[in-house]
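Participant: My questions all concern the structure below.
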Amino acid sequence: MAAIKKGQKASAQSKPGRSLALIMIAIVALTGGMFATGHTTPRLGIDLAGGTSITLAAEPEAGQESAINKTNMDTAVSIMERRVNGLGVSEAEVQTQGTRNIIVNIPKGTNSKQARDQVGTTAKLYFRPVVATEIAGGGTAPTPSASGSPSGEDTGKDKATDKATDGSSPSASASPSASSTTQGRALTDALKADGTPSASASASAEGEAAPSPSATGGTSGETDSELQAQYAALDCTKESVRAKAGDGAKASESTVACGQNSQGQWQKYILGPAAVDGTDVDEAEAVLNTQTGAGWTVTMKFSDKGAKKFADITGRLAQNQSPQNQFAIVLDGEVVSDPYVSQALTGGNAEISGNFTQQSAQELANMLSYGALPLTFREDSVTTVTAALGGEQLQAGLIAGAIGLALVIIYLLVYYRGLSFIAILSLMVSAALTYVIMSLLGPAIGFALNLPAVCGAIVAIGITADSFIVYFERVRDEIREGRSLRPAVERAWPRARRTILVSDFVSFLAAAVLFVVTVGKVQGFAFTLGLTTVLDVVVVFLFTKPLLTLMARRKFFASGHKWSGLDPKALGAKPPLRRTRRPVPAAAGPVETKEF
């Protein structure tokens, strides 16, 4: 058997400190990121933190079974997320389960009855004429002048509303919007448009205030004093107020509403009676308009009945001045867009243009499409978990994990003695990485630590310890063959490495398959198992093996102390392997004896 070459030995053993430094730097960086973001504990799932879990089953209209598809279900999830967020819930989870169910998990601290009422009803989408609008929390919205510069505003920062035009018009999307103000557009977070006001907007004196709330605009009749009082008192900067704005208003009545503009400010509105219902929209989609250079636009196709109503309202609005030439697209009481019109839009087709991105255009198209979805949702089940019960489950899980960890440590101490020091340090490093990464994944991807995920972390203790045992046993086998510790550590690594990688790959593959084919809480178990399996490979390669290489240079381990776990006598080692002298021809000279 050939001897190990000096150069190879040096390259394999001389720089284990680099790997140890790398993993320590990673732990420090991740821990610093955890404290910098303020998320110092993993986000808990509903079964541990307490709350309400609602399962909704989709039910199509008669003859519309094909309506239950991925696109419609994803759109429904998007709408329900908006509703839950409207209740001020920041950690709610809304996700599909299977092909026809939606799971809504709402943490403690939320009115569960109100949440059930919100998510279990069909979305209400209306097209309402804008009567008046201004920035919430004080200050009116200045009207743009004929030159395109909003009064009192820097023209370089001009933001205008989207423009609604007949989809057949070649110049539809090229014209920017004639908004009420620099802040005068109510859109979802991603919808933004730049440009100059339309020539149809009338000139106004500098500093002119928004129209009085009593203006009739596109409404039939003056708004009453009660509506004016609601408008004056409406503070859309408060989440609780936004959620209740316009509550109880019928489609045939004027109402108040809130919406967010392009600068992230909340804007309040007085809106006239609904002119078009969401159910009058047959189809809405995001389209990349390359012919006019308008970029991404949202096209709408109305039903015959809806086309007539839309032509009537746009014809009336086109005769008004800003902001009363705008109509608001209102979803569940919130204004998601407020395009202006400069002509009657006939023919049953319309296009909303502006500086949309693909994502923002798709979001608006999805919202418009939802009003036409032939789907309703039936409440299938409701599960309420109290915070006390969730705390008990978490405590029980932590106790189970502590018992499992203690048993593993006891086994390592009894069987491996000094080597258990390396194993315990490796377990601590693995635990630190798991905790920090789970804490960061909560705000990053919405990962929530539920009870099955805790079980996955407990199972991972055994998987991680198994990797150490595989390596230690390979080293001990080499010592039984009569080799000293330092070469035994290096010779054992290639075979141990292959075994560890194969074992962890099987565990990771099982976790990946389980994550893909299951839904709900079981995915938490699969995700945690997969994460800890990957971390096991990282820890073994960058911490356990380099640390054992360093310890092999210490006299306590290298001399085979009886408490090191590597005592050759206790392991039944053979005598050291040596090459024996053999007689050779006299002319050949003496032969040196070499040791491995």
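No value in this document is a laboratory result; all are computed from the given coordinates. Source: prediction; values computed, not measured. Don't worry about glycine lacking a Cβ; one is built from the backbone with ideal geometry, like all the others, and counts go over all protein chains shown.
Participant: For the stretch 276-284, what does the Karplus curve 6.51 cos²θ - 1.76 cosθ + 1.60, with θ = phi - 60°, yield as ³J(HN,Hα) per residue in whole Hz, taken in order and with x for Gly and Pro?
Facilitator: 9, 8, x, 5, 7, 8, 7, 7, 9
Participant: Sort Lys521, Lys569, Lys574 by Cβ crowding within 10 Å, fewest neighbours at the top. Don't skip to the answer; put the middle values down first.
Facilitator: Working: Lys521 18, Lys569 8, Lys574 12.
Fewest to most other Cβ atoms nearby, the residues stand as Lys569, Lys574, Lys521.
Participant: Separation between the Val516 and Asp304 pseudo-spin-labels, each 7 Å from Cα along Cα→Cβ, expressed in nm?
Facilitator: Going by the 7 Å Cα→Cβ label model, 4.9 nm.
Participant: Please give the FRET efficiency for Asp247 paired with Thr376, using the beta carbon to beta carbon distance and R0 = 30 Å, rounded to the nearest 0.05. Walk me through the intermediate numbers first.
Facilitator: Values: r = 22 Å, r/R0 = 0.72.
The value I calculate is 0.90.
Participant: Grab the beta carbon distance between Leu413 and Glu285, set R0 = 51 Å, and tell me the FRET efficiency rounded to 0.05. All intermediate terms of the calculation are to be shown ahead of the outcome.
Facilitator: Values: r = 65 Å, r/R0 = 1.28.
My answer for the efficiency is 0.20.
Participant: Give me the distance in nm between label points sitting 7 Å out from Cα along the Cα-to-Cβ direction at Val502 and Ala570, one decimal.
Facilitator: If labels sit at Val502 and Ala570, their model points lie 2.9 nm apart.
Participant: Taking amide H positions as placed 1.01 Å from N in the peptide plane, with prolines and chain starts having none, which residues 5 or more places from Glu285, or on another chain, fall under 5 Å of its amide H?
Facilitator: When sequence neighbours closer than 5 places are left aside, the close amide H contacts are Thr299.
Participant: Based on the Cβ-Cβ distance of Ser559 and Leu398, what FRET efficiency does E = 1/(1 + (r/R0)^6) give at R0 = 60 Å, to the nearest 0.05?
Facilitator: With R0 = 60 Å, the Cβ-Cβ based efficiency is 0.90.
Participant: Grab the other residues whose beta carbon is less than 12 angstrom from that of Lys562, score K and R as +1, D and E as -1, and report the net.
Facilitator: Numbers: positive: Arg417, Lys569; negative: Asp567.
Overall, the nearby charge balance is +1.
Participant: With Cβ to Cβ distances under 9 Å as the rule, what net charge do the other residues near Leu125 carry (K, R +1; D, E -1)? Could you put the intermediate results ahead of the total?
Facilitator: Numbers: positive: Lys124; negative: Asp277, Asp332.
Neighbour charge sum, excluding Leu125 itself: -1.
Participant: Distance check, please: which entries in Lys545/Lys574; Lys124/Lys238; Lys124/Lys309; Lys521/Lys545 exceed 29 angstrom between their Cα atoms?
Facilitator: Working: Lys545/Lys574 25 Å; Lys124/Lys238 22 Å; Lys124/Lys309 17 Å; Lys521/Lys545 35 Å.
Beyond 29 Å between Cα atoms: Lys521/Lys545.
Participant: Which of Gly456, Phe515, Pro487 sits closest to the plus end of the dipole of the stretch 453-520, meaning its Cα is farthest towards the positive end, when Lys and Arg get +1 and Asp and Glu get -1 on the C-beta?
Facilitator: So the residue we want is Pro487.
Participant: If I stretch the segment between Val534 and Ala26 completely, what's the gain in nm (0.36 nm per residue apart, minus their alpha carbon distance), one decimal?
Facilitator: Working: separation 508, 0.36 × 508 = 182.88 nm, distance 1.49 nm.
My answer for the length gained is 181.4 nm.
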